[in-house]
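Worksheet for the structure shown next.
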Amino acid sequence: MKVVAINGSPKKEGNTAHVLKALGEHFTKNEIEFEIIHVGDKTIRGCIACGTCAKTKDEKCSLSTDIVNDSIQAMKNADGIVIGSPVYFSGIAGTMKSFLDRAFYVSGSNGGLFRHKVGAAVTAVRRSGGSSTFDSLNHYLTYSEMILATGNYWNIAHGRLPGEVLQDLEGMQTLEVLTNNFIWLLKMKNASLNTINEPERIKKVSTNFIR
């Protein structure tokens with residue numbers, strides 16, 4: 001089994017990276033392959049709402065000159081996905097938001113590439129805004145019908161300088177509980193593959209407030 005983590009921080013060795021590496025240590029101890037894909041330091045344009053991915057259904061975004069399409073395939077082929085972001089103005093970092101909008105739109109437009117994968121969101125924050133960012137990250141996971149792994153508190157670790165999140169004992173414990181639950185869900189899903197059929201995907205009804 002394999003888990004792919006998306007690092008949405010512009011800093012390769014910032015606190016978001018330390019959070020993801022802490023998760024990775026727990027995964028690898030349990031013989032689960034773990035990979036971090038760093039997208040936060042890349043130039044990633046936001047979704048332009050062209051709808052091409054829904055027309056071609058080739059599992060690709062039409063903006064094909066960056067890391068997004070390769071990352072979509074890595075996420076598709078993984079058993080679990082972790083999305084991590086620092087907190088910018090109480091929200092997801094801009095480049096990470098652009099990445100998530102495009103990756104998850106392509107997934108939804110191509111039959112639900114991430115559907116029923118185990119997922120989790122984590123944030124690293126200096127002081128406040130972690131809860132709103134954590135909530136925003138979870139929107140992508142729940143929209144995609146993913147199976148959410150949980151901790152025993154919100155998946156937020158506090159720290160300012162790189163590595164300080166490791167001193168947040170409650171935050172680190174939350175992440176340990178999160179990883180244990182994540183691994184349990186992965187194993188439970190894997191054990192049920194040949195005995196329980198997944199529910200059929202229901203075609204989404206799209207409405208607005210006019211009709």
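Read-outs: derived from the displayed coordinates by stated rules, not from any lab. Every value quoted in this text rests on a predicted model; they were computed, and no experiment measured them. With ideal geometry, Cβ positions are generated from the backbone for all residues, glycine too; neighbour counts draw on all protein chains shown.
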Can you confirm whether segment 99-121 contains a residue that is polar (S, T, N, Q) and either within 22 Å of P10 (Cβ to Cβ) or within 12 Å of the chain's Cα centre (by Cα) (or both)?
-> no
Quick one: would you say Y140 is under 24 Å from Y88 (Cβ atoms), among the hydroxyl-bearing types (S, T, Y) and either in contact with a Cys (Cβ under 9 Å, 6 or more places away or on another chain) or part of a loop (DSSP other than H, G, I, E, B) (or both)?
-> no
How about segment 52-110: which helices (runs of 4 or more DSSP H) wholly inside it have at least 2 residues that are touching a strand residue (DSSP E or B) at 6+ places or on another chain (Cβ under 8 Å)?
-> 68-76, 94-109
Per the list (1) free of Cβ contacts under 8 Å to residues at least 12 places away in the same chain; (2) touching a helix residue (DSSP H, G or I) at 6+ places or on another chain (Cβ under 6 Å); (3) not small (G, A, S), residue check on Y153 breaks on (1)
From (1) in contact (Cβ under 8 Å) with a residue 24 or more places away in the chain; (2) closer than 27 Å to K11 by Cα; (3) surrounded by 18 or more Cβ atoms within 10 Å (Cβ to Cβ); (4) of a type outside the set (S, T, N, Q), pick out the condition that doesn't hold for M146.
-> (2)
Reported set for segment 1-23 where residues are touching a Ser or Thr at 6+ places or on another chain (Cβ under 9 Å) and surrounded by fewer than 22 Cβ atoms within 10 Å (Cβ to Cβ) is V4, P10, A22
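Does T179 satisfy being closer than 29 Å to C53 by Cα and not hydrophobic (A, V, I, L, M, F, W, C)?
No; evaluated as a whole, the condition is false for this residue.
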